[in-house]
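Peer 1: One structure coming up, written as structure tokens, with questions to follow.
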Amino acid sequence: MKVESGIIKLSAAMLIFGSIGIFVRYISLPSGAVAAARGVIGTLFLTVLAAAKRRHLSHEIKSKLPLLCISGVCIGVNWILLFEAYRYTTVAAATLCYYMAPVLVIAASPLILKERLTLRKIVCGLAAVLGMVFVSGILSDGLNGGSDMRGIAFGLSAAAVYASVVLMNKRAGDIPAFDMTVVQLGSAAVVLVPYTLLTEDISSEMLSIKTVLLLLAVGIIHTGFAYALYFSAIKELKAQTAAIFSYLDPLVAVLLSALLLKENMGVDIIIGGVLIIGSAVISELSSKKEIEIN
């Protein structure tokens, strides 16, 4: 029963995460401002939730605070890059680019985490790169056609930054995920708010009721509430189950972009999506007969 509850909560969290691109598309503010609002509102929501449950941050946080703050700033940068990708290309293409992050983690892990590559991971990585070629539209339309290359570049940059966050989180050790996220979101907010105020010209006309409501949705629903669901779910599930179900996120994003935004779902996007998401899921699956590459 606990497992079923965990799967339901995790699936709900992934459905919410997968719809964020739709909401961001309709927010008429610079990406930095949207990211700053998400950081502030999300942090406040999780802090209030922790207070309501009388939960305190773990003592392990202190020793890893500098690393968590740096990774939190990277999360903020990652949001800005992803939101920019949504503006320059389709939500589907931006999301699929973003999900190159697991491949980048695999590529960097031998150097940073001293982990050995396996034949399966290498094949999955090459398949994901091929999928990225399809998503970019280069094969069918060349460098100037298909999805806007600026959006592809922003999406891949977001993936690279998020991959660095994953690697830093691995170095942080066994700190509770909830505590880690509160510190990271808070760090992102502390940096993004002054950055936005100093670099962006936001007029009162831009803050319409619609924009404010969308910002609240992104901060409360897509950040605070979705993370709370996610953290509750992973306590009830095996790590591998949670990892595989997390790929509902890009699937939902791709489907919603086609259904709600009427974005073009060409054959290239479909093939690329299957290769990227499929390779990521397969790389998560355990295997006792992997061939290690020294």
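The values are calculated or read from the model by the stated rules, or taken from the named source; none is laboratory data. From a predicted model like this one, the values you see are computed outputs, not experimental measurements. FYI the Cβ positions are ideal-geometry reconstructions off the backbone, even for glycines, and counts take in every protein chain you see.
Peer 1: Examine region 99-108 for a residue that is closer than 19 Å to Asp249 by Cβ, hydroxyl-bearing (Ser, Thr, Tyr) and either at pLDDT 85 or above or surrounded by fewer than 16 Cβ atoms within 10 Å (Cβ to Cβ) (or both), and state whether such a residue exists.
Peer 2: Yes, the conditions are met somewhere in region 99-108.
Peer 1: Let me ask you something else. Kindly check whether there is at least one residue in region 216-237 that is part of a loop (DSSP other than H, G, I, E, B), touching a Ser or Thr at 6+ places or on another chain (Cβ under 9 Å), among the charged types (D, E, K, R) and at pLDDT below 85.
Peer 2: Checked region 216-237: at least one residue is part of a loop (DSSP other than H, G, I, E, B), touching a Ser or Thr at 6+ places or on another chain (Cβ under 9 Å), among the charged types (D, E, K, R) and at pLDDT below 85.
Peer 1: Quick check, is Leu130 part of a helix (DSSP H, G or I) and modelled with pLDDT of 90 or more?
Peer 2: Numbers: part of a helix (DSSP H, G or I): yes; modelled with pLDDT of 90 or more: no.
Spelling it out, it is not the case that Leu130 is part of a helix (DSSP H, G or I) and modelled with pLDDT of 90 or more.
Peer 1: Give the residues of region 238-259 that are closer than 20 Å to Cys97 by Cβ and not in a helix (DSSP H, G or I), sorted by residue number.
Peer 2: Residues satisfying the conditions are Ser246, Tyr247.
Peer 1: Looking at the structure I just gave you, is Ser246 of a type in the set (S, T, N, Q), modelled with pLDDT under 95 and surrounded by fewer than 19 Cβ atoms within 10 Å (Cβ to Cβ)?
Peer 2: Considered against the rule, which asks whether it is of a type in the set (S, T, N, Q), modelled with pLDDT under 95 and surrounded by fewer than 19 Cβ atoms within 10 Å (Cβ to Cβ), Ser246 comes out as no.
Peer 1: Does Val73 fit the bill of being under 26 Å from Thr196 (Cβ atoms), under 13 Å from the mean Cα position of the chain (by Cα), at pLDDT 90 or above and not acidic (Asp, Glu)?
Peer 2: Against the criterion (under 26 Å from Thr196 (Cβ atoms), under 13 Å from the mean Cα position of the chain (by Cα), at pLDDT 90 or above and not acidic (Asp, Glu)), Val73 does not qualify.
Peer 1: If you don't mind, another one. Give me the pairs, please: first residue somewhere in region 8-24 and touching a residue at least 40 places away in the same chain (Cβ under 8 Å) and part of a helix (DSSP H, G or I), second residue anywhere and among the charged types (D, E, K, R) and surrounded by fewer than 24 Cβ atoms within 10 Å (Cβ to Cβ), beta-carbon distance under 8 Å, and either six or more positions apart or on two chains.
Peer 2: If the second residue must be among the charged types (D, E, K, R) and surrounded by fewer than 24 Cβ atoms within 10 Å (Cβ to Cβ), the pairs left are Lys9/Glu236; Met14/Asp249; Phe17/Asp249; Gly18/Asp249.
Peer 1: Among the residues of region 81-103, is any closer than 30 Å to Leu260 by Cα, of a type in the set (Asp, Glu) and over 12 Å from the mean Cα position of the chain (by Cα)?
Peer 2: Yes: one or more hits.
Peer 1: Could you check Ser164 against (1) over 27 Å from Cys97 (Cβ atoms); (2) modelled with pLDDT of 85 or more; (3) of a type in the set (Gly, Ala, Ser) and say which number it fails?
Peer 2: Looking at each condition in turn, Ser164 falls short on (1).
Peer 1: Being over 24 Å from Arg55 (Cα atoms) and part of a helix (DSSP H, G or I) is the requirement here; does Ala158 meet it?
Peer 2: Judged against the criteria, Ala158 is a match.
Peer 1: Test Arg54 against the stated conditions and say whether it is surrounded by fewer than 24 Cβ atoms within 10 Å (Cβ to Cβ) and touching a residue at least 60 places away in the same chain (Cβ under 8 Å).
Peer 2: So Arg54 does not fit the description; no.
Peer 1: How do the helices (runs of 4 or more DSSP H) wholly within region 53-120 filter down when requiring 3 or more residues that are within 24 Å of Gly272 (Cα to Cα): which remain?
Peer 2: Correct list: 65-88, 91-98, 101-112.
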